[in-house]
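The values are calculated or read from the model by the stated rules, or taken from the named source; none is laboratory data. If you're wondering where the values come from, they're calculated on a predicted model, not measured in any experiment. Note that we place each Cβ from the backbone using ideal geometry, even for glycine, and neighbour counts take in every protein chain shown.
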Amino acid sequence: MHMADALLAPAVAATMYAASGVAAGASVHELRKDENTQKLPVMAVTAALVFAGQMINYTIPGTGSSGHLCGGMLLTGLLGPQAGFLSMIVILAIQCLFFADGGLLALGANVWNMAFYGCFVGYYLIWRPIMRGKLFSGMGARGAGRAKIILASLLGCVLTLQLGAFSVVAETSLSGITELPFGTFLGIMLPIHLAIGLIEGVITAAVLLFVYETRPELLRDIGAGAGAESRTSLKTTVVVLALVAAIVGGGFSLLASSNPDGLEWSLFGNAEAGYSENMGLDEDEFGVTSSAADRAAAVQEKTAILPDYAFSDSDSAAGTTVSGLVGSTLVAAIAVLICFIGGFFRKKHKAAAK
């Protein structure tokens, strides 16, 4: 669902930057009160895992399309909405600047579409009510905990991807791209992202169930009081998640589907493989052109060290492996740096208040 700059008029792009910036500022303000030291390593490895997971496009059978993990619900289930949202900003910014995945002008919109809904709407509307509710009480505490995680993951991923897909359609319509009739585009985007959301829900549930069985207190609003006991140390859990991120980003990413993702498929179809043309747009001649988009593209050309997750002018599979490992490491390192900076200013604020 990474939008290209050609899909947005500069005014719409600026509005989405402002909206995402307000949400980021509110998140930073809220996290200044958080002194949970366990969040630092968990934030690093889960952000790296989401980055790696987003590199793997999985085929949506019978459509000619593919999808990939978004990760908002996964992050919010572990970190909460504020830390999850900031982690997603790190992921999307690194993808944009270092791998040219998603437009720089469209970054604010991509943050809103992929991070805001998953982290805030997914948490407050789905995750927290289900986790704190009395559903499945007849299954015993442990069984209820598992069932709640599965339900929240599936519902949350489906709902938030539908909202993200709707926002993409709304943003392109407001940008005045006349080739994209609102109703037609929406009628293509929502069903394909329903399928993508269901698969993401299964992946999210699997990861969160692993954490529930090993260190349940790491999960938001459920913790050790929900019938599960810690079976491994925090260090072991973090190491396992880090290894999974490395294996997924450095190895499984080579198996990613070559089919276009849900947004690309909706716009351009996949007629070459015998599937629908959908909107049937020409990939080389569509969308909005602007000086702002040209300047943003020029910046990306300079910052992208591994454009499209590959070595420049090379089709070597090693480029994908290196991209997965480098990107996951960068995401983890920057997440840790943000936590340290936040801790520094929190201590400074406390010292000044004494």
Inset, instruction - Scan the range 164-173 and give yes if some residue there is of a type outside the set (Phe, Trp, Tyr), touching a helix residue (DSSP H, G or I) at 6+ places or on another chain (Cβ under 6 Å) and not in a helix (DSSP H, G or I), otherwise no. - result: no
Legend entry - Condition met for Ala83 (in a helix (DSSP H, G or I), buried (at least 24 other Cβ atoms within 10 Å of the Cβ) and without any contact (Cβ under 8 Å) to a residue 60 or more places away in the chain): yes
Inset, instruction - Please list, ordered by first then second residue, the pairs with beta carbon atoms under 9 Å, 6 or more apart or interchain, first in the range 193-220 and farther than 14 Å from Lys148 by Cα and modelled with pLDDT under 95, second in a helix (DSSP H, G or I) and charged (D, E, K, R). - result: Leu218/Lys39
Legend entry - Exclusive hit being in contact (Cβ under 8 Å) with a residue 12 or more places away in the chain, of a type outside the set (S, T, N, Q) and either part of a helix (DSSP H, G or I) or farther than 16 Å from Ser175 by Cβ (or both), set Ala292, Ala298: Ala292
Inset, instruction - Read through the list (1) surrounded by 22 or more Cβ atoms within 10 Å (Cβ to Cβ); (2) farther than 22 Å from Ala292 by Cβ, then give the number of the only condition that Phe99 fails. - result: (2)
Inset, instruction - Please verify whether the range 60-73 includes one or more residues that are part of a helix (DSSP H, G or I) and of a type in the set (Ser, Thr, Tyr). - result: no
Legend entry - Test set (1) farther than 22 Å from Leu97 by Cβ; (2) among the hydrophobic types (A, V, I, L, M, F, W, C); (3) in contact with a Pro (Cβ under 7 Å, 6 or more places away or on another chain) - Ala273 fails condition number: (3)
Legend entry - the range 248-282, residues that are within 19 Å of Gly67 (Cα to Cα), in contact with a helix residue (DSSP H, G or I) (Cβ under 6 Å, 6 or more places away or on another chain) and either in a loop (DSSP other than H, G, I, E, B) or among the basic types (Lys, Arg) (or both): Glu277, Asn278, Met279
Inset, instruction - Can you give me the number of residues within the range 313-337 that are more than 18 Å from the chain's Cα centre (by Cα) and not aliphatic (A, V, I, L, M)? - result: 7
Legend entry - Yes/no for Asp5 being out of contact with any Leu (no Cβ under 8 Å at 6 or more places or on another chain), closer than 21 Å to Gly262 by Cβ and among the acidic types (Asp, Glu): no
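Taking Val299 as the residue in question, decide whether it is out of contact with any strand residue (DSSP E or B) (no Cβ under 8 Å at 6 or more places or on another chain), buried (at least 18 other Cβ atoms within 10 Å of the Cβ) and either among the hydrophobic types (A, V, I, L, M, F, W, C) or at pLDDT below 90 (or both).
On the way: out of contact with any strand residue (DSSP E or B) (no Cβ under 8 Å at 6 or more places or on another chain): yes; buried (at least 18 other Cβ atoms within 10 Å of the Cβ): no; either among the hydrophobic types (A, V, I, L, M, F, W, C) or at pLDDT below 90 (or both): yes.
No, not satisfied.
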Legend entry - Whichever residue in the range 270-289 is within 30 Å of Phe252 (Cα to Cα) and touching a residue at least 40 places away in the same chain (Cβ under 8 Å) and, among such residues, is surrounded by the most Cβ atoms within 10 Å (Cβ to Cβ): Asn278
Inset, instruction - Filter the range 117-169 down to residues that are small (Gly, Ala, Ser), surrounded by fewer than 19 Cβ atoms within 10 Å (Cβ to Cβ) and touching a residue at least 60 places away in the same chain (Cβ under 8 Å), then give me how many there are. - result: 3
Inset, instruction - Look at Leu330 and say whether it is touching a residue at least 12 places away in the same chain (Cβ under 8 Å) and either under 25 Å from Ile89 (Cα atoms) or not in a loop (DSSP other than H, G, I, E, B) (or both). - result: yes
